[in-house]
Amino acid sequence: MIDEKLLEYLETYLTDSRREKFHKVLAQRTKHFTVATEDVYQLHNTSAVIRSCDVFGIQEVNIVEERNSKRIDREIAMGAQKWVDLNRYHTVKDCIADLKQKGYQIVATTPHTNDCELHEFDATKKSCFFFGRETEGLSDEVLNAADSYLKIPMSGFTESLNISVSAAIILQHVTTKLKQSNIDWQLTEEEKLEKRLDWVKKTIKSYDDIVARYYEN
């Protein structure tokens, strides 16, 4: 349980505008949707996906590092890695098992014989959107485990988009549809408290000293 009195005390060290920003952003955060990247090779692509998740209110990002271990490119992520929760997995199998245990359907973002186009997607279902490697796409393991296959309609000669662009297009569309629905998509009150405390920790430089003084008094 979060010590709400401590949290309120810590927030007095924030500016009014920062406190208001936290509350405003949290009101738009969701775990109804999440994103997973599978062994994305180009560092800036993973970082840009994280940035898009922050922009569109996606609280969790899942990074599979079976082949490629990633550090986050801070310049491209523009600080988004501070505000979005990153779940890291060494295998696709572990990632999928964890997501399914949390109640997510696995959505492979790739053309498929049973795919649906973006405008047809049912945003009421709790979903994780999987994005694959730049040249190879998603692995057979993800494709075989997928509950749904999603594609972005395209009209040009080029058959694919950069994964960070695809993620941004898909997330903008599905979050807009979600917020127009009657689904309870927001974080729980306890989750909001947890994130407020987490963000305060990442904002206040002398956090540990301030907490120690608070409990001394």
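Report the residues of segment 95-112 in range of a label on E141: point 7 Å along Cα→C-beta, backbone N strictly under 17 Å from it. What the label zone holds, given the 17 Å backbone N cut-off, is 95-101, 106-109.
Residues M1, M154, ordered by accessible area of protein heavy atoms at a 1.4 angstrom probe radius and largest first, appear as M1, M154. Solvent-accessible surface of the chain, averaged per residue with a 1.4 angstrom probe and all protein chains in place: 55 square angstrom.
Between S206, F157, G103, the Cα set farthest toward the positive side of the dipole of segment 70-217 (charges on each charged residue's Cβ, about the Cα centre) is that of S206.
Across every direction, the projection of the convex hull enclosing the Cα atoms of segment 96-196 has a mean area of 7.9 nm².
For R213 and M154, the FRET efficiency from 1/(1 + (r/R0)^6), where r spans their Cβ atoms and R0 equals 45 Å, is about 0.20. If you line up the long axis of helix 189-203 against the longest principal axis of the chain, both from Cα atoms, how many degrees apart are they, to the nearest 10? Once rounded, the angle reads 70 degrees. Of all DSSP bridge pairs formed entirely within the chain, close to 10 percent run antiparallel. Taking 0.36 nm per residue of separation and subtracting the current Cα-Cα distance, fully stretching the chain between H44 and D16 would add 6.8 nm. Here segment 103-156 is treated as a Stokes sphere of Kirkwood radius computed over C-alpha pairs; at 25 °C and 0.890 mPa s its diffusion coefficient rounds to 213 µm²/s.
Using a probe of 1.4 Å, the accessible surface attributed to T158 totals some 100 Å² when neighbouring protein chains are kept in position. A simple charge model with +1 on the Cβ of Lys and Arg, -1 on the Cβ of Asp and Glu and nothing else charged puts the dipole of the chain at about 540 debye relative to its Cα centre.
Give me the log10 of I(q) over I(0) for segment 145-201 at q = 0.13, 0.15, 0.20 Å⁻¹, as the Debye formula computes it from C-alpha points; what are the numbers? Results for segment 145-201 at q = 0.13, 0.15, 0.20 Å⁻¹ read -0.60, -0.73, -0.95. Among (i) 48, 38, 32; (ii) 56, 33, 29; (iii) 65, 39, 33, which is the computed Cα extents along the principal axes in Å? Of the listed options (i) 48, 38, 32; (ii) 56, 33, 29; (iii) 65, 39, 33, (iii) comes from this structure. With R₀ fixed at 30 Å, the C-beta to C-beta distance from N162 to K93 puts the FRET efficiency at about 0.65.
Residues C116, C128, sorted by accessible area with the largest first, give C116, C128 [1.4 Å probe; ligands and nucleic acids excluded]. Once the Cβ-Cβ distance between E4 and A27 is put in as r, and R0 is 22 Å, what FRET efficiency do you end up with, to the nearest 0.05? Given R0 = 22 Å and the Cβ-Cβ separation, E is 0.80.
The values are calculated or read from the model by the stated rules, or taken from the named source; none is laboratory data. Predicted model only: the values in this text are computed from it and were never measured. Glycine gets a Cβ as well: all are built from the backbone with ideal geometry, and neighbour counts include every protein chain shown. For accessibility, only protein heavy atoms count, side chains too; no ligands or nucleic acids. Shrake-Rupley method; radii C 1.70, N 1.55, O 1.52, S 1.80 Å.
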